[in-house]
Each structure stands twice: as structure tokens, then as C-alpha cells.
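The values are calculated or read from the model by the stated rules, or taken from the named source; none is laboratory data. Please read all numbers here as calculations on a predicted model, not as lab measurements. Cβ placement follows ideal geometry from the backbone for every residue including glycine, while neighbour counts extend to all protein chains displayed.
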Amino acid sequence: MEAFLDFFFGEFLVTGQPLIYGAMVSIALGSITVIAVLTYFKAWGWLWREYITSVDHKKIGIMYIIAAIVMFVRGGIDAMMMRIQTSLPGMTFLDSQHYNEIFTTHGTIMIIFMAMPFLIGLMNFAVPLQIGARDVAFPFFNNLSFWSFAFGLALFNISFIIGGSPDAGWTNYAPMAGAELNPGPAINYYLLGLQLSGIGTLGTGINFIVTILKMRAPGITMMRLPIFTWSTLITALIIVFAFPILTVALALMTLDRIFGAKLFTLAGEGMPMMWANLFWLWGHPEVYIVILPAFGIFSEVISTFARKQLFGYKAMVYAMVIIALLSFLVWVHHFFTMGAGGGVNSFFSITTMLIAVPTGVKIFNWLGTMYRGRITFETPMLWALAFIPNFVIGGVTGVMLAMAAADYQYHNTYFLVAHFHYVLIAGTVFGCFSGLIFWYPKMFGHKLNEKLGKIFFWLFMIGFNVCFLPMYFLGFAGMPRRTYTIEPEWMPLSLTATAGAFMMAAGFAVFVYSIYYSFRYAERETQGDSWGVGRTLDWATATPIPFYNFATLPEFDSKDAYVGMKDKGETTYDKSKVEEIHMPSNSGLPFFMMLALFIASFGLVWEWFWMAIPGLIMFFIVMGIRSFDYNEGFHVSTKEIHEIEQAARGEDSK
Amino acid sequence: MSAHTEATTGPMEYRTQEGRMNILGFWIFLGAEIALFATIFATYAVMIGRTADAPPPQELFSLPITLLMTFLLLTSSFTCGIAINEMRRGSKNGLLLWMGMTLVLGLGFLGLEIYEFEHLVHEGASISSAAYWSAFFTLTGTHGLHVTVGLGWGILLLIQLYQRGITPRTASKFFIFGLYWHFLDVVWIFVYTVVYLLGMVG
């Protein structure tokens, strides 16, 4: 018993950190509140039926986005703690170990558990609507992907109170992350949390490729696809070829750490550099996985609010294809200084700079789209407009970093930190906000308040520049990234950056408030085309969107399908064409499948095989049950379709 | 949206929209599997010669066993092809018989592989003895794990076939299983060539 208590309070729970005790208390209070509210409103059954087991792409998308926003808060708190610690020399807010953990979880969470699910959520919501489909190709699998992501997220996030957080950076380089230099469960959380969520990402990739290739409405040819759908297709292709590399890299390090393999160790002739290569072979395509969908969103938003067809549609598509191909050929630029030699560095320098060409093409296409457009400045458009100059700053400094010789000066400094935050925040995060605000009325039946949205935008956008622009100069001044304490001469700029970070946090708080405010007071949407200027099929549906999306669809003969429909006075409800609709049934199996893998992974994290093996067996049992599941879905009767459509369109259902 | 996309002629597994999408989805999954095995092969190639204090592969690999394994797996791929042919002919018993043979041959392969691993570990080459052997066991083990999953999957499908006969749903499942099984065969040809044949000449 005493041994158990020693283990429980000595190793299992993270103890001795006031900040973490605070986090524990707030997690406990938060969980109790959520459970109490759900119980009070008798909402458990509703939650299970309507969301947890749902195969509806719209609801799955919304669940992804909610999880992403929660993770934005978690990763954001990590960021604020780093900014506080590095605002003044000699700060003792965090110790070096805690600082290492925080920058590791910040990076990992923001990329894997914030940016990707946010974009995957928007894809889930919008893509089937944009191509006139009733759901994705594999709705069951879509739910499975979500739960794989959600349990991976849970596994990664519990590390900071149970066992300790990973602390080797989001890149998790060997041999620092190996068993010898980093024993204990922390790195295992990284390996298995990412592995678990990676299954879902791969599933999403396959799902969207098939959906987009096979489920387009009649007349929507490949070269008439909305550009966000194109960006999703290309992203999905990158996922399918890049994620298996991560799967292997993580598995190899798991074998090293838990089963004594010698792949990345210094003993047994292992090669630590192999990790860096494998990681970035996945890691660089990953960068494009989180930026291409954002490009797609900006294209939709700019074209919509400039009231013009996208300029250079074909060039946009080809540019994305070229970016996707090049994304697999640049990985060494992440470690120019790690001894690859001049020839290799030159090759990767050139491929890296080449990426600037198709990206530049896209920038001019966005500008060309706006040229002579009748632009209005709704909040999604503000984010899209802010994206262009800010992203260009990030892109140009990226080309500076791409020059291998010069990179010896910039590498591992705050210059790099500034660069990738300029592309990832101005690109991905602005894109997520733009897309969320853009499609929000279709998701929840009301817009977000425009005035609060503009306050949010200006605070966040200015705060972003105040925070990250000084970091370029800190990099020139020699401030290394991941340092937990700063020199006095860096203080003015570093303190400025902290002030910017607080502005961003304030902006985000306004955003959270605007969700509440709009829920209470915003006018309810009565028609489908929320902004009045929609161009793609997502705006042709009624609001709220019927669960089967489209009752009927006309035959399309041009790009911007909904513009054509509006011209011809067509809707998605042609009384004479209504037929029975076949829809897939909900299923609780994915939840249990991934719960089983969660248990197995948690067991592996602690190297408890008595837990890992039963978890794995449970997983295979649920898989077997699924194999025998011949549920054929259900049919929606024409009567029900008439009722739903007429109610949604404010007609009397006589 | 479903009514007019269903065909009444042509191979059973392609008749419904769902069947066609499942097959395409599985092809894309196999694309991901190729990326997965390619990464492991690359890792293996990098680790060649890195045996540290452990015995090198040319001292341990035995041609007869691995050749027998190769024959078993290649034959199982052949019987699997015949099984799908029987399915297309609408012969439930033919499908049962040939698919059953496929699984038995697969089981034989797996048994020999376990025997081979046992032998290697006994001779002092385990996953933890050196970088080369870690890569070796990862590569062959990943393939072996796929075969194991395939055996379990095949058994479940045979039960379903017994219960339901050949329908568009079961046909689609068997066809996809066939793709998977042939894929494992192709991977094994690379494993046999790159790992065993090249390993034996050192």
C-alpha cells in the first residue's frame, strides 16, 4: 500500500508545481461543472445520440472545431507563460524544466491538436456541401477519425498532470528523446498521443479523396470544383503520403524506448539523425497540410466579398499541386546546420526557394480577384485581407532562411520563431478564424456579432505584429529559441513581444465573448445565403441545413454553382424531383474502438502490458463486431423531406 | 441519389456506389501502406551493416526456410486469385474452399516466420541487439503483423460468407481482402529480395 502511494504521489501525479496544482483544480472544477450541467439538463442521451455517435459530417466538423478552440486556449496559455517568463531577465516564473515542457506542448498542441482539427473541422463542414453531396464517402469512418483524434488529444493532454509532459521540443529529436537521456512516461505520451490521433488524420485523408472524386453532384466537374474543395483534395493527398512516415517514425522510437530497439540510440550503432530525417519528411508536408486549406478558405472569402469569380482559377489549382509535390522535397532545410554538406544543402536550398514561386502566383491571384471587385469589409474578409501582407512578411523571411549559407546565422534564433509564426498565424490561424466566421451562420443559424468581430480582429492582428515583429530583431541580436531566460539587452524587444501577446489574448477573449453574445442576441438566419453574396453550393442549402443537406439538385454547367442557380431561380428543393433519400445510421462503435486504443496506449505509456494487451484485445473485438455489422442505414420518406424543406423555407406545408 | 447508381450487371462488388467507393478507398489506403513500407525499407537500407556486436545477417539467414516461406505466400496469392474468380462465377463453395486454402497457406507462412525469428533470437540477434537487427525485425515484423491481421480478417469474412452467401456487400469485402492479400505478397517479394537475398550475399 505504501509503495502504491509512493508511486501515485511520487511518479504518477505531477507534484510540487503550484501552477500545475492550479491547473488540476481548474480541470476538476471544469469537469464537475460540465458533468453537472449535462446531468441537470438531462443532456447525456442527447449528447450521445446527436453528437458522440453522429456520422453527420456537419456535426463531426463542429466537434472538431470545438476541440480545436479548446486546444487553442490550452496552447495559448502555454504561449502566455513563455512570454511572461522571457519578458524580463532573471524571471523565475517557470524553471528551465517546466519551460521545456511548455514550449514542447505549445508547439505540438498548436500544430497537431489545434491547426489540423480546426481545418479538418471546416473541411468536414463545408466540403460535402460545396460538392452537393449528402455526406462524406465513409461516414462511419469519419466518426472513427474524430474519436481517434479526440482520444489522442486526451492522451497527450493528461501528461501534464499524470506522469509529466514531454520536454524534447515538438520535433522530439533523438537522442535527447531516447530512453537513456529521457526516461519515464513523458516522451511516450508524445509518441502514442500523436500515433493515436494520426490514425484519424489518415482516415480523414482517404475519406476526402474518395468523397471529392466520387460524390460530386452532376455537372460539377473537377475543374468546376470550389477552390476550398480543391485545396482539401490536395491536402488529403499530402496526408495519405506523409502521415505513414510519421506513423513509422513514431513507431520506431516507441520500439526504441519501450522494447529496447537501437534505431536512434548511440549504443548499438543506431542513427539519431535518422529521426530528424523521418520527422521532417513528414513535418514539412505537414506544414502544407495546415496552410493549403487556409489558402482555400481565403480564396473563397476573397472571391465572395469581392463579388467576383476567382481570378486565375486554373493557376491556383496548378500552384497547389506544385506546392504539394515540392513539399516532399525540402525537408533537409530544417537542419541545414546538422552536417549534410554543401551539395545536399544547395539542392534543398533551391527546392525550398522554388516553393516561393507557386505561392507568389497565388498571392497575385488573390490581388487579381480583388481588382475592380465591389469589395465589402465583413469580418471574414478582414482576416483574408490581413493575411496577404502578413503572410508575405513570413514568406519573404522564409526565403531568407532557405539560403543555406545564411541560415547558419539565423538558425535556432528568434528569427526562425518569428518566421514560422508569421506563416502559421497569419496563414493558418487567420484562415481558421476567417473560415469559422464565414461559415458560422450555416453551422449555428446566426452570425457572430460583426462589431465584436472587428474589435477581435484589430486587437489580435495588431497584437500579433507587436508580438512577433520584434522577434525578427531579437533573432538578429542573437537570442536563441527555446531559451528560458533572457539577457538584459534583449529586454526591450522581448517585453514588447509580451505586450503583443497580451493584446492577442485580449482579442481572443473578445471572440469568446462574442460567441456568447451572438448566441443570446444575434438575429436568427432565415435564408440560406447568409452573406447575400454566396457563390458555392454550401450557400444554396436552407438554414438550418437539413441533415440530408440537399433535397434535390439541378444539373450544373459552370463554376460557382450557386451563382448560376441564383441567376436561373433554382433552389435545392424542386418539388417535382423529390425522391426518397438513403442516409447512414449513427454508430457508437467508433467511440469504443478508440476508447480501447486509448486504454492500450495509456498502458504502453507506462509500460504496463497488463493494461496495454487487454486494451488491444478489446480494440480487435470491437473491430470484429463492426465486421459483422450489416446496418444498411435508413430512408427518409418524401413526405418528411417536403415537411422539412417547407418549414426551412418558411412555406406552409399544406 | 442511390437508386440510379446501382447496376444489375458486372462484377457484384462494383454494382453499388458504396461498393465502388469502398474499393477506391482501399486502393488509396494501399497507397498509404506503400508510403509506410517504403519508409521502413528506407530505414532498413540505412541500417545495413550496423550490427555492432551482434552477428551479421549472412551468418544467420537460412535460404531453405525463407524460400519455403516465399513459396507458401506466393502460392497463397495464387489461390486468393482463384477464390475471387470463383466468387465472380457465383460459387460460394469454391470461394470458401480457395479462400480457406489461402488462409492455411498464410498460416504456414506465419508459422515459419515465427520459427525463423525464434532461431535468430536464439543465435543472438534480437530487436535490441543492434540497429541493423532492430530495423530487420521492424520490417519483417510489420509485414508479419499485416499477415496476422489478414488471417483474422479472412476468418471473419469466411464466417460472414457462410452466413450470408455471395451478396454485393460480402463480395465487396472479399474483393478488398484480395487486394490486401496480394499487396502483402508484393511487399514480401521486396522483403525477400532486399533483406534475405541481399543479406545473404552481404
Scanning the stretch A:617-641 for residues that are away from every other protein chain (no Cβ under 12 Å) and touching a helix residue (DSSP H, G or I) at 6+ places or on another chain (Cβ under 8 Å), the one surrounded by the most Cβ atoms within 10 Å (Cβ to Cβ) turns out to be A:Val622
Among helices (runs of 4 or more DSSP H) entirely inside the stretch A:401-458, those with 3 or more residues being within 22 Å of A:Val330 (Cβ to Cβ) are A:404-410, A:414-423
query: Looking at the stretch A:304-311, is at least one residue within 14 Å of chain B (Cβ to nearest Cβ), assigned to a helix (DSSP H, G or I), surrounded by 22 or more Cβ atoms within 10 Å (Cβ to Cβ) and at pLDDT 95 or above?
result: no
Only unsatisfied item for B:Tyr132, checking (1) of a type in the set (Ser, Thr, Tyr); (2) within 10 Å of another protein chain (Cβ to nearest Cβ); (3) assigned to a helix (DSSP H, G or I); (4) over 25 Å from B:Ala32 (Cα atoms), is (4)
- Task: Output yes when any residue across the stretch B:21-41 is farther than 30 Å from A:Phe138 by Cβ, within 8 Å of chain A (Cβ to nearest Cβ) and either modelled with pLDDT under 95 or touching a Ser or Thr at 6+ places or on another chain (Cβ under 8 Å) (or both), and no when none is.
- Result: no
Considering the stretch B:150-169, residues that are assigned to a helix (DSSP H, G or I) and more than 9 Å from every other protein chain (Cβ to nearest Cβ), and then whichever is nearest to the chain's Cα centre (by Cα), we arrive at B:Gly150
message = Going residue by residue through the stretch B:37-51, is there one that turns out to be surrounded by 17 or more Cβ atoms within 10 Å (Cβ to Cβ), of a type outside the set (A, V, I, L, M, F, W, C) and either touching a strand residue (DSSP E or B) at 6+ places or on another chain (Cβ under 8 Å) or not in a helix (DSSP H, G or I) (or both)?
response = yes
Of those in the stretch A:346-394 that are free of Cβ contacts under 8 Å to residues at least 40 places away in the same chain and of a type in the set (Gly, Ala, Ser), the residue surrounded by the most Cβ atoms within 10 Å (Cβ to Cβ) is A:Gly394
A careful count of residues in the stretch A:435-446 that are closer than 20 Å to A:Leu119 by Cα and either surrounded by fewer than 20 Cβ atoms within 10 Å (Cβ to Cβ) or polar (S, T, N, Q) (or both) gives 1
Would you call B:Leu120 over 26 Å from A:Ala249 (Cα atoms) and either surrounded by fewer than 20 Cβ atoms within 10 Å (Cβ to Cβ) or away from chain A (no Cβ under 12 Å) (or both)? no
Requested in this report: Using the structure shown, decide if A:Phe473 is assigned to a helix (DSSP H, G or I) and in contact (Cβ under 8 Å) with a residue 40 or more places away in the chain.
Outcome: no
Matching residues in the stretch A:514-549 (touching a Leu at 6+ places or on another chain (Cβ under 7 Å) and farther than 14 Å from A:His446 by Cα) number 4
Filtering the stretch A:239-262 for residues that are basic (Lys, Arg) and either part of a helix (DSSP H, G or I) or more than 7 Å from chain B (Cβ to nearest Cβ) (or both) leaves a count of 1
- Task: Return yes or no: is A:Ser514 within 25 Å of A:Val70 (Cβ to Cβ) and small (Gly, Ala, Ser)?
- Result: yes
Q.
It is to be established whether one or more residues within the stretch B:192-202 are more than 27 Å from A:Met253 (Cβ to Cβ), in contact with a helix residue (DSSP H, G or I) (Cβ under 9 Å, 6 or more places away or on another chain) and part of a loop (DSSP other than H, G, I, E, B).
A. yes
query: Has the stretch B:68-76 got any residue that is within 30 Å of A:Ile131 (Cβ to Cβ) and either within 14 Å of chain A (Cβ to nearest Cβ) or of a type in the set (A, V, I, L, M, F, W, C) (or both)?
result: no
